[in-house]
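Each remark here refers to the structure printed beneath this line.
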Amino acid sequence: MDPFSQLILTISVTSFLIFQWLFHKVSPWMSIRISPGFLRLSDKQKVEWNSRTVSTFHALLVGVFCLYIFFFDNDVNEDPVWGDPTLVKTNVAITTGYLISDLLLIFYYWKAIGDKFFVVHHLAALYAYYYVLGQGMLPYFANFRLLAEFSTPCVNQRWFFEVLGYPKSSRPNMANGVAMAVVFFMVRIAVMPIYYGRMYAVYGTEAFYLVPWGGRVAWICSSICLDIMNIMWMHKIARGCYKVLQSAHWSKAITPQENGKTD
């Protein structure tokens, strides 16, 4: 094993251990001090709370790293298939450690956070990351996919508000709902033309045919499947956001009239 591969393996293992520590120690300690409502949650809710706290931390860490690579890693941007994957491998290694950690927690706390969809999602992602970490291919596209993590904090925050009993029409919930819809659209929908434009540009080139068949399947098929789901989720998020904003608008319009009748 070459020194760089050893480094990547070390990063993945360290990532796994840190995310386990965050789940079992840091999140409970921090949550009690930030949100007193944490103590009123059931044991199952506390497990999911800690899981989502770790998920948010991972999303922000990896997302910021992705932006740096996207804007400043010239090697990857100039050669999206075989460019120097050093930074991308580091970021993917962090995510690999997180995914394995999360899988372990899902299986161990299945009654609380077990979800077949997440198991399939994590395994599919790990399969795709094998080609990035093991063979250094498709770094641009792997990094681009990780940009979607920026929508995760808002999704998790929605759950936090719900479990703490915030009404859907409350200002914090509405602000988070709008932010979730906007960020989800920006990092998962609006970027599709850029992503598939780069994919089309390299399709049929020599660099493309150097990618093994398994790598092409992991790249193209998973991208299409993920984006079909993203479009479906965006539709649901947009409808939910519209309904909440509409109900809030009507409640404001009706309240003055009701107050007038009372007076």
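The values are calculated or read from the model by the stated rules, or taken from the named source; none is laboratory data. Not measured: the values here are computed from a predicted model. Counting neighbours? That spans all protein chains shown, and the Cβs are built from the backbone with ideal geometry, glycine included. These area figures cover heavy atoms from the full protein model, side chains too; ligands, DNA and RNA do not enter into them. Shrake-Rupley method; radii C 1.70, N 1.55, O 1.52, S 1.80 Å.
Okay, here's what the table says:
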read-out: Under 14 Å, Cβ to Cβ, from Val64 - net charge with Lys/Arg +1 and Asp/Glu -1; value: -2
read-out: Rg/Rg_globular for the chain, with Rg_globular taken as 2.2 N^0.38 Å and Rg from C-alpha atoms; value: 1.16
read-out: Added length on full extension, which subtracts the Cα-Cα distance from 0.36 nm per residue, Asp43 to Tyr127; value: 27.0 nm
read-out: Of all accessible heavy-atom area on the chain, the percent that carbon and sulfur account for (1.4 Å); value: 67 percent
read-out: When each of Lys89/Lys168; Lys89/Lys116; Lys89/Lys243; Lys25/Lys89; Lys46/Lys116; Lys116/Lys168 is checked by Cα-Cα distance, pairs over 30 Å; value: Lys89/Lys168; Lys89/Lys243
read-out: Cleavage-rule hits, chymotrypsin sites (Phe, Trp or Tyr not before Pro), region 182-240, DSSP coil, Cβ neighbours within 10 Å at most 16; value: Tyr203
read-out: Within straight-line cross-link reach of Lys236, aspartates and glutamates at Cα separation under 16 Å, skipping those fewer than 8 residues along the same chain; value: Asp227
read-out: Solvent-accessible heavy-atom area per residue, rounded to whole Å², over the chain at 1.4 Å; value: 57 Å²
